[in-house]
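The values are calculated or read from the model by the stated rules, or taken from the named source; none is laboratory data. Just so you know, these numbers come straight off a predicted model, no measurement behind them. With ideal geometry, Cβ positions are generated from the backbone for all residues, glycine too; neighbour counts draw on all protein chains shown.
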């Protein structure tokens, strides 16, 4: 009886929790055993193998699973297949990732794959899981890569690590792995805690905590997108005031702000009214909060409006808290924790954060306002309106908890109310840092910033937090040290950030491929194999060492599908952007390249060397060989050089077994006759030593028969010196061991150099199938000089240039004015903004706004269409591209809430002067102008002084109107007086023209006086004008008399009737000339009259007489 027993490790996807699901993951063989017992139980098999299961393990027989209770009774029949399947410990976050950065299974995979008794002892089963095919297909061309096997390039998927660089920004990834940084990189670290903001009206403070890397790091620079905001050498960028950065090494406390702040997701956009909101739980079960943060928003501002002017409005808010237990049930009385009245005079959004300290506990919170909203209502008989809607936008709780993060480097950033720093909210905080890892200085390990390939790989092997946690005794430390010296001399680095879980072998391959190397387990030790010229081959295989009929040779011929070169894609260390380098010489363009990714490579010359090496592989390593060898093949590792000699094909040499050897005569006797070539100048022999290595090739001559060869004396000595062992030592065997084998060939050595790329142990436990590629020394002829420089091209999409998005605007009427209201999203890199308006379709522009806010209001003139443009300005005074939008303003309406009649510009018809009673319409327009904006004002409890200004322009398809006015106002108690002037001009398409200038004085007790000058076109188109004066007394005096002198002419009142008054000497020449004088009474000293017509002439007094002359 013979039954096969296997123990395997299931490297599972944590999204699948059932180990019995075949699709759950990859099965890695650990050990095999064959039992000859007759019908053993499962427990007896375990005892026989000595296996111990420290992980969750199931047993299946012939594919059927057995429960643990059946292990003691179930008996294994002949030829049954028994398999024990273990899986690593640990849970899942539901995202296919484990809790540690490189993977929770790393240590287990490493231990099992490297165990000397495991099937993976050759290093080709566990690690071979990442080897795959040698054929790389990318960019429409195929390239052959047997050794490095890079990822194909030319992809755009964001989940590809190389291309995801910079595509995303700072992300919140709860329960996901913390990245592990190596070398010097620019990264956009994830949030280590939920970010949050606080508001105070227009002022905002935002808090963000970022997890840079597992382990320590030397932070060189912090930036927003491409703009530096802090450097280690120069400190803060002064163009970005209000930002504070705190870099915390692993275990150091974050003191810049509380980091344990949670947000109640249910509280968002809840409008408050006079009834309580539902009660919302502030913090999760099992946590205690000691401070609450409540965010309130007035979406449209908070104000009252009367006659176009804004006045303060108030809203009182009450918030209550009630303690609850972990089940959410109340355990105490509701307590008022906030009673606050908010008072503002603002017609744009207001955001407020209120902090409330409370006793530690778990609470449910509810809120309400105390008064009904006035939004949309008309108050005081329709004269007053206002807006006071308030929204409860967020509820956050400060949780008791640690402010330090062991084993993680964190960066805390606090930003205060600068629109230039909106990149933080948009997830664009970038950090340039170099990882600090243990580095061997010749006598011991020291922690220092390092870009070393070798020490990064060793840190991954040794670190117990995110790596395998294995010891130095399990590595070939000398190979790490030697290759670090080599890579340092070449200037080769590894600069990369691991963001997702990987098995140890995959992660090590990613690191070492940057140095053209791969990890190579040998027994229970890890070493490094670099694809470079090898010395003495590890083994030689002849027909005697190859299982019959197992040799397979595959020739890959060049055709149209094979690439003519390699293009490597990498992140360049000078720009930290995706770049590419070609394997072709400078000035040569590849017609059909294969594209590959070079993760961890940031130096251009290093990238060029790698793609040139891959191009050599593609061109010269085109013959693949596969064969089955005996168990000694398990001693090989990936990348080992072996020699292969086989009689089929004939050009691959002849094989023979050595049956006798005489060291004195250097005579070798073989088991059969060899085919000697009389025309060949030389013949060669290579002997397979006991350890499998070849001794030779050395020249031989024919002995006394075809099966006897004599070794050349000179070669005999030189080869012994080169190898450090004699031919006799190479021939030596144990008494019962197989005899040495040899490769024989005429003319030249016919054994071929083969690099091992893969090995698959057979199920019989005695053989292994090896796969390799014929090596060619020309592959290693690689230089890193003459590399085409990185092209310097302007990046038109550079995030350093501010770009305005979602620009919007509207024009509305406020009193007599048209007001432009505009807003846009913050632009990355901008510290301030400029905005212009155009009334002529973009022909000319007028500056409307300049500042750091992303919203503004400005009074604008009337036009059929208004164009608005906005651009951001950087800290270095670079103006971004203008974003432009068009706005159609509404018609100007003179609202009858303030005036007896409503007038629009369309009502200004040519009959204005005649039909509106001597330009009465202009009086109303002038009154409307009095509702202008206040440009200066001061007031106390009893008095007020103000200056108001009005500017109104309106253009329609058939007419134009302009009004300008100024009022000065003084008030005390209940008395007040206003002095104002207005200019009015109207023109329409019919040719009608109207103009007026008016000055008036109004008081609390009524109209004091004023004057008005009117000019217009009359009924026949002729110009007419009027000058009107309204005053109790009109005085005119000489210019030199001044206002205090007596006037010579006035208009006054007598007995309540208006009268004109002339001084007696008013007539300049002392006479009055008139055709008629009609008076009630005429008094004169003398009169000289030609004709006197009178009804009655009466003489009074004794002296009265009439003298008549002829």
Would you check if residue 874 is modelled with pLDDT of 85 or more, surrounded by 15 or more Cβ atoms within 10 Å (Cβ to Cβ) and within 32 Å of the chain's Cα centre (by Cα)? no
Considering only strands (runs of 3 or more DSSP E) wholly within segment 219-334, the ones with at least 2 residues that are crowded, with 17+ Cβ neighbours inside 10 Å and modelled with pLDDT of 90 or more are 243-248, 289-298, 303-306, 313-323
In this structure, is residue 619 surrounded by 24 or more Cβ atoms within 10 Å (Cβ to Cβ) and either without any contact (Cβ under 8 Å) to a residue 60 or more places away in the chain or over 30 Å from residue 673 (Cβ atoms) (or both)? no
Number of positions in segment 622-652 that are in contact (Cβ under 8 Å) with a residue 40 or more places away in the chain, under 15 Å from residue 552 (Cα atoms) and not in a strand (DSSP E or B): 8
Across segment 16-63, which residue is farthest from the chain's Cα centre (by Cα) among those that are within 26 Å of residue 760 (Cα to Cα), part of a strand (DSSP E or B) and modelled with pLDDT of 80 or more? 61
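It is to be established whether one or more residues within segment 551-560 are closer than 30 Å to residue 493 by Cβ, within 46 Å of the chain's Cα centre (by Cα) and not assigned by TED's automatic domain parsing to the domain that holds residue 456. Walk me through it before giving the result.
First, pick out the residues of segment 551-560 that are closer than 30 Å to residue 493 by Cβ: none.
Among the residues of segment 551-560, not one is closer than 30 Å to residue 493 by Cβ, within 46 Å of the chain's Cα centre (by Cα) and not assigned by TED's automatic domain parsing to the domain that holds residue 456, which makes the answer no.
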Inside segment 437-461, the number of residues satisfying the requirement of being surrounded by fewer than 19 Cβ atoms within 10 Å (Cβ to Cβ) and closer than 22 Å to residue 177 by Cβ is 1
Would you mention how many residues in segment 562-581 are closer than 30 Å to residue 497 by Cβ and part of a strand (DSSP E or B)? 11
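Among the residues of segment 55-67 satisfying the criterion of being farther than 14 Å from residue 6 by Cβ and in contact with a strand residue (DSSP E or B) (Cβ under 8 Å, 6 or more places away or on another chain), which is surrounded by the most Cβ atoms within 10 Å (Cβ to Cβ)? Reasoning before the result, please.
If we filter segment 55-67 for residues that are farther than 14 Å from residue 6 by Cβ, which is where we start, we get 55-56, 64-67.
Among the residues that remain, those that are also in contact with a strand residue (DSSP E or B) (Cβ under 8 Å, 6 or more places away or on another chain) are: 55-56, 65-66.
Details: 55: 13, 56: 12, 65: 13, 66: 15.
The residue in question is 66.
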Could you tell me whether any residue of segment 706-724 is assigned by TED's automatic domain parsing to the domain that holds residue 673, assigned to a helix (DSSP H, G or I) and in contact with a helix residue (DSSP H, G or I) (Cβ under 7 Å, 6 or more places away or on another chain)? yes
Listed residues 936, 970, 1016, 962; which is touching a helix residue (DSSP H, G or I) at 6+ places or on another chain (Cβ under 6 Å), assigned to a strand (DSSP E or B) and not assigned by TED's automatic domain parsing to the domain that holds residue 818? 1016
Based on this model, can you work out whether residue 559 counts as at pLDDT below 90 and part of a loop (DSSP other than H, G, I, E, B)? yes
